[in-house]
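Single-structure report; data block below.
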Amino acid sequence: MQWFNVGKIVNTHGINGEVRVISRTHFPEERYAIGSELSLFMPNEKKPIQLTVASHRRHKNFDLLTFEHHYSIGDVEKYRDGILKVSEKQLGDLDEGEFYYHEIIGCTVMTNTGDVIGKVTDILETGANDVWTVTPEEGKPQYIPFIDDIVKEVDVDEKRIVIEPMEGLLS
């Protein structure tokens, strides 16, 4: 079974079993909804801990969660540095033109004239749109905004992305 990161528990928050999560999902309302099942992977442990979300709220740059049957700080402090994940079965269908990070990372990016730029190695969330870090075999990374004016084709099955670079985009 394949697993996908949703967030990392970085600390506790208060004394009532709440944890601070740095989120890695575009779907926090869905992933952290009351009753959602999450799998917690702890460092050096092979088997995940199954958790059910009891509450969710935003605070500063964090998502704050509580889990069913975890009512105090003592119940959750052992989860610090754990990674929250969902299984491939829990991934929902996306609208056309939307992609999961794992589908984009590793894709080869080329121009509409056939020049290979490199592979997508990271995705940066900027607010307005995502920016893909494209790393060539040699040289410095390029930053490609995921906007319709530039990204012309995404084929996740073939791991290929075609862009039409505007002037000054590729340096």
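A few notes on this one:
- Rounded percent of accessible protein surface that carbon and sulfur make up, the chain, 1.4 Å probe: 47 percent
- Ordered by 1.4 Å accessible area with all protein chains kept, 10, 120 run largest first as 10, 120.
- Each residue of region 124-134 was assigned a 3J(HN,Hα) from its phi angle through the Karplus curve 6.51 cos²θ - 1.76 cosθ + 1.60 (θ = phi - 60°); the sequence is 9, 8, 9, x, 6, 7, 6, 10, 8, 7, 10 Hz, with glycine and proline shown as x.
- Within the chain, helix-based [θ] at 222 nm, where runs of 4 or more DSSP H residues each add -39,500 (n - 2.57), nearest 500: -1000 deg cm²/dmol
- Around the amide H of residue 18, modelled in the peptide plane, lie the amide H atoms of 13, all under 5 Å away and 5 or more residues distant in sequence or on another chain.
- Within-10-Å neighbourhood charge of residue 54 [Cβ basis; K, R +1; D, E -1]: -2
- Only beta bridges with both residues in the chain are counted; by DSSP, about 90 percent of them are antiparallel.
- [x] 17.9; [y] 19.7; [z] 16.5, with the label sought being that of the calculated Kirkwood radius over Cα pairs in Å: [x]
- Solvent-accessible surface (1.4 angstrom probe) belonging to residue 122, in square angstrom, nearest 10: 60 Å²
- Under Karplus coefficients 6.51, -1.76 and 1.60, residue-wise ³J(HN,Hα) of region 71-78 in Hz, glycine/proline x: 9, 9, 4, x, 6, 10, 5, 6
- Environment charge at residue 43 (Cβ cut-off 14 Å; Lys +1, Arg +1, Asp -1, Glu -1): +4
- Area of residue 12 that stays accessible when all protein chains are in place (1.4 Å probe, Å², to 10): 30 Å²
- ³J(HN,Hα), Karplus 6.51/-1.76/1.60, whole Hz, each residue of region 102-110, x for Gly, Pro: 5, 7, 8, 5, x, 6, 7, 9, 9
- Between residue 160 and 108, 155, the built amide H atoms are under 5 Å apart, and every one of these is 5 or more places off in sequence or on another chain.
- Probing with 1.4 Å while keeping every protein chain in the model, the per residue accessible area of the chain equals 61 Å².
The values are calculated or read from the model by the stated rules, or taken from the named source; none is laboratory data. Quantities reported herein were computed from a predicted structural model and do not represent experimental measurements. Methodologically, a virtual Cβ is constructed for each residue, glycine included, from the backbone with ideal geometry; neighbour enumeration extends over all protein chains shown. Surface accessibility is based on the protein's heavy atoms, side chains included, excluding ligands, DNA and RNA. Shrake-Rupley method; radii C 1.70, N 1.55, O 1.52, S 1.80 Å.
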